[in-house]
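Notes to accompany the following structure.
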Amino acid sequence: TMSTVSALTFLKSSLQIEFRCLRPEDAISEFEIEREATTCVLGHGLVLSVCLPQPSSLCLECPLHLDEVCHFLTLCPELSLGWFEEGRLVAFIIGSLWDQEKLAMDALTLHKPHGSTVHLHVLAVHRTFRQQGKGSILMWRYLQYLRCLPYVRCAVLMCEYFLFPFYQKSGFKVQGHSDITVGPLTFIEMMYPVRPRVHAPQQWCLRGHEPRLMPPSMGGV
C-alpha cells in the first residue's frame, strides 16, 4: 500500500499548476481576489494580500476597479502574470508601461506603450492560499519573466512603509517618497533594475540588505 508520505508526494506532484499571462476573461476572478484582499492589507497601487499587521491608515478602496482591470488586461496582458492551480486563479500580478523615472497620478490608470518602465499595480493572493510563500514566488517569476521582454528597463511600484521589507527581499530598492498621495496615505517608491544601468544613481535606502538571487522557498508570505 502507498504510504502517507508517498501519497502526499503524489498529490503534490499531480497538482495542475500553470503560470501564464492573464486575459480579459480572467478579470472577474482577479477582481474578486483583489476586492477581498483589500480588506486585509492595502498599499494603494499595490495590494499584498497576506496576513500582515494592519496599517493604521487602512483604506478599503481597491487599487484597480473592475473596468481598470479589463482596461489593462486588454491593452497590455503581457505585463500580467497569474498563478493557476487546477484551472483556478490563486495569485496574480498586473502591470503596465510607464515612460518616466518617477510615478505620477496618471500612472495609476494609463498604459504608455512606448515606455520602458513596468509599473506594478497590484499583487494579490487568494485568501485560502496565503502564508504559503506564493506572493514571493510569483514576484520572483514575474521579475524573471520581465527579463525576457527586451523593451523593459526596470519595474517600479509604490507601497506603504510596512510593506517595504517584503519587496526589498524580492530585490526592489527604495527610491524615495512617492509624489502620489491618496487622502492621508503617503507612500515610498521602489524600483527593481531589470537591466541595470552601468552608472546607476545612488539609491535612497532605509536599511541595507542584499537582494535575494535565488527563487524563494515555499512558506511564510
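Based on the Kirkwood radius over alpha-carbon pairs, what is the Stokes-Einstein translational diffusion coefficient of segment 57-202 at 25 °C with 0.890 mPa s viscosity, in µm²/s?
Numbers: Rh = 15.9 Å.
Once the numbers are plugged in, D ends up at 155 µm²/s.
Can you give the net charge of the other residues whose Cβ lies under 10 Å from the Cβ of Thr117, counting K and R as +1 and D and E as -1?
Working: positive: Lys102, Lys112, Arg153; negative: Asp99, Glu101.
In short, +1.
Ranked from the most accessible area to the least, with a 1.4 Å probe and all protein chains present, what is the order of Tyr142, Tyr192? Each step should come with its number before you reach the end.
Details: Tyr142 0, Tyr192 25 Å².
From most exposed to least exposed: Tyr192, Tyr142.
Given the protein chains as shown and a 1.4 Å probe, how many square angstrom of His71 are accessible, to the nearest 10? Solvent-accessible area, nearest 10 Å²: 70 Å².
The values are calculated or read from the model by the stated rules, or taken from the named source; none is laboratory data. None of the values given here were measured: they were computed from a predicted structure. Glycine also receives a Cβ, built like all others from the backbone with ideal geometry; neighbour counts cover every protein chain displayed. Heads up: the accessible areas ignore ligands, DNA and RNA and are worked out on the full protein's heavy atoms, side chains in. Shrake-Rupley method; radii C 1.70, N 1.55, O 1.52, S 1.80 Å.
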